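Below is one structure, written out as structure tokens, with a few remarks after it.
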Amino acid sequence: MMQRLSRFFAFRPKQTQFKDWKIVRGDRVQVITGSDKGKTGTVLTVKRKFNTVIVEGVNYVNST
């Protein structure tokens, strides 16, 4: 029982949501951090709720 409840109380750092986004789908952006630092690509989707942007050809994982 305790193991099932623990997932509801797991530590999640609070994210700051931005008031206004300057990045929109189709923009050309450069990655500034992570393993793909320095690569450029086109924005495919913007997930405002999660403060993330999906960039074409950057850090994709192919599951086969």
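The values are calculated or read from the model by the stated rules, or taken from the named source; none is laboratory data. Computed from a predicted structure; not experimentally measured. Counting neighbours? That spans all protein chains shown, and the Cβs are built from the backbone with ideal geometry, glycine included. Side chains are part of the model used for accessible areas, which takes the heavy atoms of the whole protein and leaves out ligands, DNA and RNA. Shrake-Rupley method; radii C 1.70, N 1.55, O 1.52, S 1.80 Å.
A few notes on this one:
- In region 32-43, the residues that are at pLDDT 90 or above and open to solvent by less than 80 Å² (accessible area, probe 1.4 Å): GLY38, THR40, GLY41, THR42, VAL43
- All conditions in (1) touching a Gly at 6+ places or on another chain (Cβ under 6 Å); (2) at pLDDT 90 or above; (3) assigned to a loop (DSSP other than H, G, I, E, B) hold for GLY26, with the sole exception of (1).
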